[in-house]
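See below for the structure under consideration.
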Amino acid sequence: MQSSSFLPTDHLTLPDHPGVYKYFNEEDELIYVGKAKSLKKRVSSYFNKNTGVNLKTRKMVKEIRRIEITLVDSEFDALLLENNLIKKSHPKYNILLRDDKTYPYLLLTKENFPRIFPTRKVIPKKGTYYGPFASVKAMNNVLELIRELFTIRTCKLDLSPYKISDGNYKVCLEYHIGNCKGPCVGLQKEVDYQRDLEHVKHILKGNLGVAKTYFKQEMQHHAENLEFEKAHLLKEKLESLENYQAKSLVASPSINNIDVCTIVSDDKSAYVNFMRVKNGSLITSKNVELKKKLDESDEELLLTALIRLQDQFQSDAEEVLLNIELSEPIEGLNVVMPKIGDKKKLIELSLKNALYYKKEKALLLGLNQDKKDRVIRQLQQDLSLPEIPDHIECFDNSNIQGTNPVASMVCFLNGKPAVKEYRHYHIKTVVGPDDFASMKEVVGRRYKRLIEEGKPMPKLVVIDGGKGQLSSAVEALKELGVYGQMPIIGIAKRLEEIYFPGDSYPIHIDKKSESLRLLQRIRDEAHRFAITFHRNLRSKNAIGTQLTDIPGIGESTADRLLSHFKSVKKISEATQEEIAAIIGTNRAKILVAWNEKNKGA
């Protein structure tokens, strides 16, 4: 593989060859990774104005400042490389599998007389991981089968040869009940233990046939030697293995080592089901959602999901069944679209899972929406509001120890934070720590701005504080002539009392009420937002003071330097030429001279 870098205007000079392309923005941040059978045709299509690309794609193209390509041997290799790059960098315009679960694995440890146990953390140096399993139940079923068939130790002892020969250990209860053969005291040789482990590995990979053949041969051997008890024990193990296989059988046992991947989609998302089948048995089934970023086709989404899921489940499938036809074959990927028979039934089963997953997601979305509606309707009822408060704004002040007085406003739409609508305020007209006057100022500034811009007013205004802060906010609304056009309340922290203007007595909402929890959440978010802004401002002022103490360096100059270099340390390390490019030659000389003078201080 070889990589090269190009400007967007050079797209026509790209090679007509399979590979991966990477788009970088002005900050040289990776924003998109794509694969192509022909890099020249694919990349050029983004910059061709006649292709009718959608708005999201146009937005991305406007951000591209540099293109990097990597040549590979085939389109399938491009798919694999694209997957690795997306998994590593998470570019903002690439599709991500929406799956926040940490799935369980079975770990076969790398030690003398290896153990096998469940885990959710993958640390490769500890041993070999099998999975992930779609559920804890599926994993436990396999683990129980293994422990029923083989005597794999469960203790954490260090079974190094010299420790066993020193006689430091004694057999435990597991030995006495027949679940362990006592390797800790030398009663089981490691070669015999490893032979059992080889069969365990086959079972973990879904190859049950190898273990079945072994038990049949051993059973026959003991029967011929008239060792009927041992033969019967092996017969029971063989039956356990066959029963397990029968429970997981979804198709003919002749269907071996294939993956099934199906997709259904709507305008915003795609829903994919992925299944692994070995010897007719379903060993893995997983559903994932993919949020569309650039109006991708179902084919593109399905291939993206397939490659990532095969990677996640360490698939070595010889064949892949899909429910949609690819526009053209991909060299290295053996894709089949069955029309009849058991393979067609597998497609139908997978598609049934994908459709159910889509329906489940829609139902969950509806339930969440119902809950949001229920909470704000309950709030309307508890506060006797004229309208459903689907637009709530909350104000809070922060002036710790009387310094850097600031305020914040947070906005909640339909019961959820609308972060883009949050606002910070520097207190401009108030001298000293005066919460009441500060509240009047910021409320007045906020709604004067909304009036001037013709934007809608909130359905409820919440003031973090008691009667004093509420009265100050009311004064601001009266001066603007909008008092009475929107409900306003104050919420006191101590007893969670709710105050209305002109009412001396607060009301109390049930402490277990969802509507009170929503008000508390909004109030706490306003407080957090104000405190964070205040801390950042104090920190910036502390840093800025170091610079403004230098004769000839004012606040404006200090701000420009900090905006460019980000810290005083980096400013002190910069050359005179670099500083002069920001603040001019004369001030740069002053600053460099001051830095030199104070280096040893």
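The values are calculated or read from the model by the stated rules, or taken from the named source; none is laboratory data. The model shown is predicted, which means the values in this text are computed figures rather than measured ones. Cβ: placed from backbone, ideal geometry, glycine included. Neighbour counts: every protein chain shown. Ligands, DNA and RNA are excluded from the accessible area calculation, which covers all protein heavy atoms including side chains. Shrake-Rupley method; radii C 1.70, N 1.55, O 1.52, S 1.80 Å.
Looking at residue 359, is it more than 15 Å from residue 487 (Cβ to Cβ), of a type outside the set (S, T, N, Q), open to solvent by 70 Å² or more (accessible area, probe 1.4 Å) and at pLDDT 85 or above? Step through it out loud before you land on a result.
On the way: more than 15 Å from residue 487 (Cβ to Cβ): yes; of a type outside the set (S, T, N, Q): yes; open to solvent by 70 Å² or more (accessible area, probe 1.4 Å): yes; at pLDDT 85 or above: yes.
When the stated conditions are applied, residue 359 passes them.
Among the candidates 268, 235, 230, single out the residue that is at pLDDT 80 or above, open to solvent by 70 Å² or more (accessible area, probe 1.4 Å) and in contact with a helix residue (DSSP H, G or I) (Cβ under 8 Å, 6 or more places away or on another chain). Outline the logic, then answer.
Working: 268 fails: in contact with a helix residue (DSSP H, G or I) (Cβ under 8 Å, 6 or more places away or on another chain); 230 fails: at pLDDT 80 or above.
Within the list 268, 235, 230, the selection yields 235.
For the stretch 134-145, give me each residue that is open to solvent by 20 Å² or more (accessible area, probe 1.4 Å) and not small (Gly, Ala, Ser). Lay out the reasoning, then the answer.
Filtering the stretch 134-145 for residues open to solvent by 20 Å² or more (accessible area, probe 1.4 Å) gives 134-138, 140-141, 144.
Hits for the stretch 134-145 are 136, 137, 140, 141, 144.
For residue 87, state whether it is buried (at least 19 other Cβ atoms within 10 Å of the Cβ), among the basic types (Lys, Arg) and not in a loop (DSSP other than H, G, I, E, B).
On the way: buried (at least 19 other Cβ atoms within 10 Å of the Cβ): no; among the basic types (Lys, Arg): yes; not in a loop (DSSP other than H, G, I, E, B): yes.
Here the answer is no, as residue 87 does not meet what is asked.
I'd like the residue in the stretch 481-498 that is within 24 Å of residue 413 (Cβ to Cβ) and buried (at least 17 other Cβ atoms within 10 Å of the Cβ) and, out of all such residues, is nearest to the chain's Cα centre (by Cα). I'd like the intermediate steps shown before the answer.
Start the filter on the stretch 481-498 by keeping residues that are within 24 Å of residue 413 (Cβ to Cβ), which leaves 482-491, 496, 498.
Applying the additional criterion that residues be buried (at least 17 other Cβ atoms within 10 Å of the Cβ) yields 486-491, 498.
Working: 486: 39, 487: 39, 488: 38, 489: 37, 490: 37, 491: 35, 498: 38 Å.
Among residues in the stretch 481-498 that are within 24 Å of residue 413 (Cβ to Cβ) and buried (at least 17 other Cβ atoms within 10 Å of the Cβ), the one nearest to the chain's Cα centre (by Cα) is 491.
Looking for whichever is assigned to a helix (DSSP H, G or I), modelled with pLDDT of 85 or more and among the hydroxyl-bearing types (Ser, Thr, Tyr) here; the options are 175, 169, 214. Which one fits? Before the answer, list the steps.
Numbers: 169 fails: assigned to a helix (DSSP H, G or I); 214 fails: modelled with pLDDT of 85 or more.
Among 175, 169, 214, only 175 is assigned to a helix (DSSP H, G or I), modelled with pLDDT of 85 or more and among the hydroxyl-bearing types (Ser, Thr, Tyr).
For residue 475, state whether it is in contact with a Gly (Cβ under 9 Å, 6 or more places away or on another chain), outside any loop (DSSP other than H, G, I, E, B), at pLDDT 90 or above and open to solvent by 60 Å² or more (accessible area, probe 1.4 Å). Can you show your working first?
On the way: in contact with a Gly (Cβ under 9 Å, 6 or more places away or on another chain): yes; outside any loop (DSSP other than H, G, I, E, B): yes; at pLDDT 90 or above: yes; open to solvent by 60 Å² or more (accessible area, probe 1.4 Å): yes.
Against the criterion (in contact with a Gly (Cβ under 9 Å, 6 or more places away or on another chain), outside any loop (DSSP other than H, G, I, E, B), at pLDDT 90 or above and open to solvent by 60 Å² or more (accessible area, probe 1.4 Å)), residue 475 qualifies.
Quick check, is residue 282 of a type in the set (A, V, I, L, M, F, W, C), in contact (Cβ under 8 Å) with a residue 40 or more places away in the chain and in contact with a Ser or Thr (Cβ under 9 Å, 6 or more places away or on another chain)?
no
I need every pair where a residue in the stretch 318-339 that is surrounded by 14 or more Cβ atoms within 10 Å (Cβ to Cβ) has its Cβ under 8 Å from the Cβ of a residue that is among the small types (Gly, Ala, Ser) and not in a loop (DSSP other than H, G, I, E, B), sequence separation at least 6 or different chains.
Close Cβ pairs (under 8 Å, with a partner that is among the small types (Gly, Ala, Ser) and not in a loop (DSSP other than H, G, I, E, B)) amount to 321/350; 323/350.
Within 25 Å of residue 314 (Cα to Cα), open to solvent by less than 40 Å² (accessible area, probe 1.4 Å) and in contact with a strand residue (DSSP E or B) (Cβ under 6 Å, 6 or more places away or on another chain): does that describe residue 131? Working first, answer last.
Numbers: within 25 Å of residue 314 (Cα to Cα): yes; open to solvent by less than 40 Å² (accessible area, probe 1.4 Å): yes; in contact with a strand residue (DSSP E or B) (Cβ under 6 Å, 6 or more places away or on another chain): yes.
Yes, satisfied.
Yes or no, residue by residue, for (1) at pLDDT 90 or above; (2) crowded, with 16+ Cβ neighbours inside 10 Å; (3) under 43 Å from the mean Cα position of the chain (by Cα); (4) farther than 22 Å from residue 440 by Cβ:
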residue: 511; (1), (2), (3), (4): no, no, yes, yes
residue: 515; (1), (2), (3), (4): no, yes, yes, yes
residue: 520; (1), (2), (3), (4): yes, no, yes, yes
residue: 532; (1), (2), (3), (4): no, no, yes, yes
residue: 547; (1), (2), (3), (4): no, yes, yes, yes
residue: 556; (1), (2), (3), (4): no, no, yes, yes
residue: 560; (1), (2), (3), (4): no, no, yes, yes
residue: 563; (1), (2), (3), (4): no, no, yes, yes
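Taking the stretch 435-482 as the search range and keeping residues that are without any contact (Cβ under 8 Å) to a residue 12 or more places away in the chain and not hydrophobic (A, V, I, L, M, F, W, C), which one is nearest to residue 387 (Cα to Cα)? So that I can check it myself, show each step before the final result.
Pass one, the stretch 435-482, residues without any contact (Cβ under 8 Å) to a residue 12 or more places away in the chain: 449-450, 452-455, 478, 481.
Remaining after also requiring not hydrophobic (A, V, I, L, M, F, W, C): 449, 452-455, 478, 481.
Numbers: 449: 23, 452: 24, 453: 23, 454: 20, 455: 18, 478: 21, 481: 20 Å.
Looking at residues that are without any contact (Cβ under 8 Å) to a residue 12 or more places away in the chain and not hydrophobic (A, V, I, L, M, F, W, C), I get 455.
Take the residues in the stretch 196-218 that are without any contact (Cβ under 8 Å) to a residue 12 or more places away in the chain and within 13 Å of residue 149 (Cβ to Cβ); name whichever of them is surrounded by the most Cβ atoms within 10 Å (Cβ to Cβ).
We begin by selecting, within the stretch 196-218, every residue without any contact (Cβ under 8 Å) to a residue 12 or more places away in the chain; these are 198, 202, 210, 213, 217.
From what's left, within 13 Å of residue 149 (Cβ to Cβ): 198, 202, 210.
Details: 198: 11, 202: 16, 210: 13.
Residue satisfying both the conditions and the ranking: 202.
If you scan the stretch 146-178, which residues turn out to be within 13 Å of residue 116 (Cβ to Cβ) and open to solvent by less than 80 Å² (accessible area, probe 1.4 Å)?
Correct list: 146, 149, 150, 151, 152, 153, 154, 155.
If we only count strands (runs of 3 or more DSSP E) wholly inside the stretch 1-75, which ones have 1 or more residues that are open to solvent by 40 Å² or more (accessible area, probe 1.4 Å), at pLDDT below 90 and touching a His at 6+ places or on another chain (Cβ under 9 Å)?
On the way: elements: 2-6, 19-24, 30-36, 66-71.
Strands (runs of 3 or more DSSP E) meeting the threshold: none at all.
Any residue in the stretch 114-126 that's in contact (Cβ under 8 Å) with a residue 40 or more places away in the chain: show its pairings with residues that are basic (Lys, Arg) at Cβ separation under 9 Å, as long as the two are six or more apart or on different chains.
Qualifying pairs under 9 Å: 114/153; 115/153; 115/156; 116/147.
Please enumerate the residues belonging to the stretch 452-485 that are within 18 Å of residue 522 (Cβ to Cβ) and in contact with a Pro (Cβ under 6 Å, 6 or more places away or on another chain).
Within the stretch 452-485, 459, 460 qualify.
How many residues does the stretch 285-317 contain that are closer than 15 Å to residue 259 by Cα, more than 19 Å from the chain's Cα centre (by Cα) and open to solvent by less than 20 Å² (accessible area, probe 1.4 Å)?
2
Can you tell me which residue is nearest to residue 426 (Cα to Cα) among those in the stretch 445-472 that are open to solvent by 70 Å² or more (accessible area, probe 1.4 Å) and part of a helix (DSSP H, G or I)? Lay out the reasoning, then the answer.
Narrowing the stretch 445-472 to residues open to solvent by 70 Å² or more (accessible area, probe 1.4 Å): 445, 448-449, 451-453, 455-456, 467.
Of the ones still in play, those that are also part of a helix (DSSP H, G or I) are 445, 448-449, 451-453, 467.
Values: 445: 11, 448: 16, 449: 15, 451: 20, 452: 20, 453: 21, 467: 23 Å.
For the stretch 445-472, the residue satisfying everything is 445.
Select from the stretch 283-342 the residues that are small (Gly, Ala, Ser) and part of a loop (DSSP other than H, G, I, E, B) and write down the one among them that is nearest to residue 46 (Cα to Cα). Lay out the reasoning, then the answer.
Of the stretch 283-342, the ones small (Gly, Ala, Ser) are 285, 297, 305, 315, 317, 327, 332, 341.
Still in the list and also part of a loop (DSSP other than H, G, I, E, B): 297, 315, 317, 327, 332.
Numbers: 297: 15, 315: 33, 317: 34, 327: 19, 332: 27 Å.
Restricting to residues being small (Gly, Ala, Ser) and part of a loop (DSSP other than H, G, I, E, B), the top hit is 297.
Yes or no: residue 408 open to solvent by less than 40 Å² (accessible area, probe 1.4 Å), assigned to a helix (DSSP H, G or I), modelled with pLDDT under 90 and small (Gly, Ala, Ser)?
Numbers: open to solvent by less than 40 Å² (accessible area, probe 1.4 Å): yes; assigned to a helix (DSSP H, G or I): no; modelled with pLDDT under 90: yes; small (Gly, Ala, Ser): yes.
Considered against the rule, which asks whether it is open to solvent by less than 40 Å² (accessible area, probe 1.4 Å), assigned to a helix (DSSP H, G or I), modelled with pLDDT under 90 and small (Gly, Ala, Ser), residue 408 comes out as no.
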